[in-house]
Amino acid sequence: MTETIAAIATPRGAGGVAIVRLSGPDAVAIAAALVGRPPAALADRRLSAGVARDDDGARLDDVLVVAMRAPRSFTGEDVAEIHGHGGVVNAGRLLRAVLARGARLAEPGEFSRRAFEHGRLDLAAAEGLLGVIEASSERAWRVAQAQLEGRMSERVAALRARLTAALAEIEACVDFPEEGLEHLAATDVAAEVAAIGAACAALAATFRLGRALRDGVEVALVGAVNAGKSSLFNALLGRERSIVSAEPGTTRDYVEARVEWDGVTVTLVDTAGDRIATEDVERRGVELGRERSRRADVVLWIDEAGAAPPAEVLEVLGDAAAARMIVVQSKGDLRPAVAGTVWTSARSGAGLDELRARVLAVAGALDGGSDEVIVTSERQRGLLAGAAEAAAAAAAALTNAVPLEMVAVDVRAALAALAALTGDEVGDDVLDVLFARFCIGK
Ligand SMILES: Nc1nc2c(ncn2[C@@H]2O[C@H](COP(=O)(O)OP(=O)(O)OP(=O)(O)O)[C@@H](O)[C@H]2O)c(=O)[nH]1
Ligand SMILES: [Mg+2]
């Protein structure tokens, strides 16, 4: 027996309306009882006004109640919603009243999970749904809506269909070696499997952008004392947030601020200037700045003369420091541009647009105008990378004349990863395709 679950579906706090949502076999009966009516009195998908009362008949709130009976509901089960006035206490009282009538408090994500279990949305779409709810920029929202709409699932389904067809060819050759092997060579299954693997890898690689859109990117400004870091930080921010002065060693602690560039949330981190500090406070400040810079997605090395960072700085920044570093020439109004740097002036604003674009490019988040099918979760990325690896292994095995049974194992592993992405299992579809394409009865 499935239990009937209930939860407040609207955000906590003061608001015009709060919604208590129920799903499960008793959802409609509980909502109806709350307003003192029989379940049949709630017409499907029609709002009914009523007075919600607790078990003892005490008045709780004026509400609107709606029943959405299975299967035409979000979860695919009977769903009911109670729309009451907003407010933490009011919504809490309504929720307690439905719990008292037999509903159980829902676990996080349990409504969506039930929707998935009843086939109302697949796993990729469920992740898209989460992305829509969590989107902090228009661009992140667009990507999430495309995923909710099924773009990722369609793409994965197409790859699965191609891979299933390739597996069918391979399986046929396992069963009928003489006729099969010639057929396999003629259709060039190896090239097809390799192409599918490459497509999976390309899709997995979009996660850099997906993650940037979801979590934002961190950009640390580092350099020697007085290099103009805080001035550039303020100029990029468009307001005076960090203290600027001609005195070297002005910034003691790191300072953070958020901006949005091209729909990507960017956290700028201004750090204490690098020098052999004599005071404890400054030394600690430099250390904290370095720690912060080590985990930044992009590091701006700021220098008035446009000089590259010393080896010691690259060492401190650790892995792949050079790949995520941009050398920025500061105070450009005082000197001509040095080749190989981004030439900027905090005073005149020169070069700031170019710097923003370079930051997004290094973070892999440049707006290419086609943010349609973007991997937005580590789960999806891992599965696609796994599928890519297995497909590449299968393609290599095919060209190296490894026994076909073993090739089929790799192809099945790739298929299983793709199936897991949308939450399906590899079913009998492989066999279905095989039998449909070859005349087994002969
Ligand atoms: N002409 C000119 N001067 C600048 C520019 N940017 C910064 N300065 C000057 O350079 C000096 C140092 O600037 P800051 O922004 O405080 O430098 P910083 O790198 O944050 O310095 P510390 O925090 O001490 O490490 C100040 O006197 C600024 O006015 C610029 O674009 N043009
Ligand atoms: Mg500073």
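The values are calculated or read from the model by the stated rules, or taken from the named source; none is laboratory data. Just so you know, these numbers come straight off a predicted model, no measurement behind them. Here the Cβ is made from the backbone with ideal geometry for all residues, glycine too, and neighbour counts use every protein chain on show. For accessibility, only protein heavy atoms count, side chains too; no ligands or nucleic acids. Shrake-Rupley method; radii C 1.70, N 1.55, O 1.52, S 1.80 Å.
Observations
- The amide H of residue 60, built 1.01 Å from its N in the peptide plane, has 52, 53, 54 as neighbours under 5 Å, considering only residues 5 or more places off or on other chains.
- Model label points for residue 262 and residue 134, set 7 angstrom from Cα along the Cα-to-Cβ axis, are 2.3 nm apart.
- Potential lengthening of the chain between residue 315 and residue 240 amounts to 23.9 nm, from the contour at 0.36 nm per residue minus the alpha-carbon distance.
- Under the simplified labelling scheme, the residue 104-residue 58 pair shows an inter-label distance of 2.8 nm, with each label point 7 Å from Cα along Cα→Cβ.
- With all protein chains modelled, accessible area of residue 290 [1.4 Å, Å²]: 70
- From phi via Karplus (6.51, -1.76, 1.60), per-residue ³J(HN,Hα) for the range 204-217 in Hz, x at Gly/Pro: 4, 5, 6, 5, 4, 5, x, 5, 4, 5, 6, 9, x, 10
- Computed with every protein chain present, the accessible area of residue 230 is close to 10 Å² [probe 1.4 Å].
- These residues, 288, 42, 95, go from largest to smallest accessible area, 1.4 Å probe, as 288, 95, 42.
- Remark: the range 145-160, residue by residue, has Karplus-estimated 3J(HN,Hα) of 5, 4, 6, 4, 5, x, 4, 5, 4, 4, 4, 5, 4, 5, 5, 5 Hz, where x stands for each Gly or Pro and the curve is 6.51 cos²θ - 1.76 cosθ + 1.60 at θ = phi - 60°.
- Protein heavy-atom surface of the range 5-115, 1.4 angstrom probe: 55% of the accessible area is carbon and sulfur, with nucleic acids and ligands not counted.
- Under Karplus coefficients 6.51, -1.76 and 1.60, residue-wise ³J(HN,Hα) of the range 269-274 in Hz, glycine/proline x: 10, 8, 10, 5, x, 7
- Solvent-accessible area per residue, Å², over the chain with all protein chains present [probe radius 1.4 Å]: 48
- Rounded, prolate or oblate (a/c below 1.5 giving rounded, otherwise prolate when a/b exceeds b/c) for the chain by Cα gyration tensor: oblate
- Within the full protein context, the accessible area of residue 331 is estimated at about 60 Å² for a probe radius of 1.4 Å.
- Under the convention that each Lys and Arg Cβ holds +1 and each Asp and Glu Cβ holds -1, the size of the dipole of the chain around its Cα centre is about 1600 debye.
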